[in-house]
Amino acid sequence: MVSLQGKSLLGLQGVPKEEIELILRVARKMKEVINSGDKKLSLLKGKSVCNIFWEPSTRTRGSFEMAAKYLGADVINFSPRGSSIQKGESFRDTLLTVMAMGVDAIVMRHKQEGSSLLAHQCVSPLIINAGDGAHEHPTQALLDLFTIQDVKGHIDGLKVVIVGDIDHGRVARSNIYGLKTMGADVHIVGPRTLLQPEIEAMGVTVHYDLDEAIKDADVINVLRIQRERQGIGFFPSAGEYNSLFGLNAKRLQKAKDDVLVLHPGPMNRGIEIDTDVCYGDHSSIQEQVKNGVSVRMAVLYLTIIGGVDVDTTR
Ligand code: CP
């Protein structure tokens with residue numbers, strides 16, 4: 001029997017298909033609750049969740065907070081500004097302090113790869129990785145999988161193209177692990193400076209030409225170009241990036257007629273994706289944000305309380 005109870009979620013590498021399927025199945029029930037309009041459950045009544053974000057976030061932090069509250073948990077939030085991190089309190093001491101308050105789970109984002117694993121080794125509450133440097137962002141990939149399944153009905157056998165900054169992208173890495181586990185045909189495309197050929201070892205097909213990569217694609221997941229990288233040699237200018245790797249309506253015609261367009265956000269409209277595509281008929285970008293709440297409800301519920309299913313009758 002598959003159970004996630006008591007398990008931290010540090011990444012999707014090595015997570016078995018049955019566990020991903022369980023999260024997606026429970027997330028679907030959570031979405032029904034959200035859609036019902038009466039969103040408050042008491043599944044995590046008496047439990048507490050702490051969000052610690054050493055890096056900025058809108059979607060992930062907001063949806064984890066909403067997810068925990070919808071489940072009836074108590075929630076506290078910390079970021080460096082306004083907390084004792086600003087006074088120089090260390091990573092480990094911050095986590096120990098939060099643990100001493102008696103929280104059941106810590107949702108954390110940090111710029112350092114491996115930080116969530118280190119946290120897992122330092123303290124006893126469950127650790128949910130909300131993004132550790134360029135390493136993994138597992139709940140983003142889970143909500144992407146959920147959105148694909150929602151729109152397409154299945155994930156296995158679909159041609160999924162991930163375009164953008166693959167080397168520095170935690171979303172790309174978690175998506176590759178999750179999509180491969182779920183049986184998708186994964187293609188990766190981006191400039192050579194942002195895409196090392198070694199990534200082929202993850203079982204993906206590598207392209208350096210977007211028009212070639214998106215031929216007959218079922219799904220295109222466009223990643224954010226980190227504008228801070230412009231001017232340090234990864235690509236010459238935002239305009240050049242847009243002309244070679246920007247997703248626009250003309251390029252989209254090369255994909256399948258019913259292609260699904262995703263973007264984890266925040267978007268640089270006019271650089272990696274044009275406005276008519278991100279707000280167009282093929283896009284489920286807003287739905288991804290909505291699904292993020294359901295998926296994070298499922299992750300919090302399954303890791304803190306467990307169970308192989310969920311009774312959402314409050
Ligand atoms: N996709 C994502 O992680 O967005 P935020 O940085 O707003 O959380």
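May I ask you to derive the relative contact order of the stretch 138-288, considering only C-alpha pairs under 8 Å and at least 6 residues apart, and to give it as an integer percent? Relative contact order for the stretch 138-288 comes out at 24 percent.
Rounding to the nearest 10 and keeping the result within 0 to 90°, find how far the Cα-based axis of helix 17-36 lies from the longest principal axis of the chain. The answer is roughly 80 degrees.
Along the axis of the charge dipole computed for the chain (Cβ charges of +1 for Lys and Arg, -1 for Asp and Glu, origin at the Cα centre), the listed residues H282, H263, L43 are led at the positive end by L43. So what does log10 I(q)/I(0) come out to for the chain at q = 0.07, 0.10, 0.12 Å⁻¹, using the Debye formula with one equal point on every Cα and no solvent? For the chain at q = 0.07, 0.10, 0.12 Å⁻¹, log10 I(q)/I(0) is -0.27, -0.55, -0.79. Note on the stretch 20-129: the alpha carbon radius of gyration divided by the globular reference 2.2 N^0.38 Å gives 1.13.
Listing H282, H207 from the residue with the fewest other Cβ atoms within 10 Å to the one with the most, what is the order? Each step should come with its number before you reach the end.
Working: H282 21, H207 18.
Exposure proxy ranking, most exposed first: H207, H282.
Below 8 Å between Cα atoms, with a sequence gap of 6+, how large is the relative contact order for the chain in percent?
On the way: 619 pairs, mean separation 73.7, N = 314.
It rounds to 23 percent for the chain.
Compared with the dominant Cα axis of the chain, that is its longest principal axis, helix 91-100 is turned about 40°. Relative to one another, the C-alpha centroids of the stretch 241-314 and the stretch 162-200 are positioned 16 Å apart. Result for the chain in a Gaussian network model with C-alpha springs under 10 Å: among S116, S90, S124, the largest mean-square fluctuation is at S90.
Once the Cα atoms are used to define both axes, helix 138-152 deviates from the longest principal axis of the chain by about 60 degrees.
FRET efficiency for the E21 to S237 pair, using the beta carbon distance and R₀ = 30 Å, is estimated at 0.10. Panel order for T94, T275, by other beta carbons found within 10 Å of each beta carbon, from fewest to most: T275, T94. Rounded to whole numbers, the Karplus 3J(HN,Hα) couplings from phi for the stretch 197-204 are x, 4, 5, 4, 4, 7, x, 10 Hz, using 6.51 cos²θ - 1.76 cosθ + 1.60 with θ = phi - 60°, and x at Gly and Pro. Spacing of the modelled spin labels on Q286 and I305, each 7 Å from Cα toward Cβ, amounts to 3.1 nm. Charges were assigned to the Cβ only: +1 to each Lys and Arg, -1 to each Asp and Glu. The resulting dipole of the chain about its Cα centre is roughly 920 debye.
What whole-number value in cubic angstrom gives the convex hull volume per residue for the C-alpha atoms of the stretch 159-200? Kindly include the intermediate steps, with their values, before the conclusion.
Values: hull volume 2.5 nm³, N = 42.
Per residue, the Cα convex hull of the stretch 159-200 comes to 59 Å³.
Before anything else, pin down the relative contact order of the stretch 51-104: Cα pairs under 8 Å, at least 6 apart, normalised by residue count, whole percent. Present the calculation step by step, with values, prior to reporting the outcome.
Working: 27 pairs, mean separation 17.3, N = 54.
About 32 percent, as a whole number.
Placing one equal scatterer on every Cα of the stretch 179-310 and applying the Debye formula, the log10 ratio I(q)/I(0) at q = 0.10, 0.11 Å⁻¹ is -0.39, -0.47.
What's the exposure ranking of C278, C122, C50, going from fewest to most Cβ atoms within 10 Å? Walk me through the numbers on the way to the answer.
Working: C278 20, C122 15, C50 23.
Ranking C278, C122, C50 by Cβ neighbours within 10 Å, fewest first, gives C122, C278, C50.
Label zone of R92 (point 7 Å out along Cα→Cβ, amide N under 19 Å): in the stretch 98-129 this covers 98-101, 110-127.
What's the FRET efficiency of T275 with V151 using the Cβ-Cβ distance as r and R₀ = 30 Å, to the nearest 0.05?
Working: r = 21 Å, r/R0 = 0.70.
Step by step, r from the Cβ atoms, then E = 0.90.
Coordinate-derived values only; no laboratory data. Quantities reported herein were computed from a predicted structural model and do not represent experimental measurements. Note: ideal-geometry Cβ built from the backbone for every residue, glycine included; neighbour counts use all protein chains shown.
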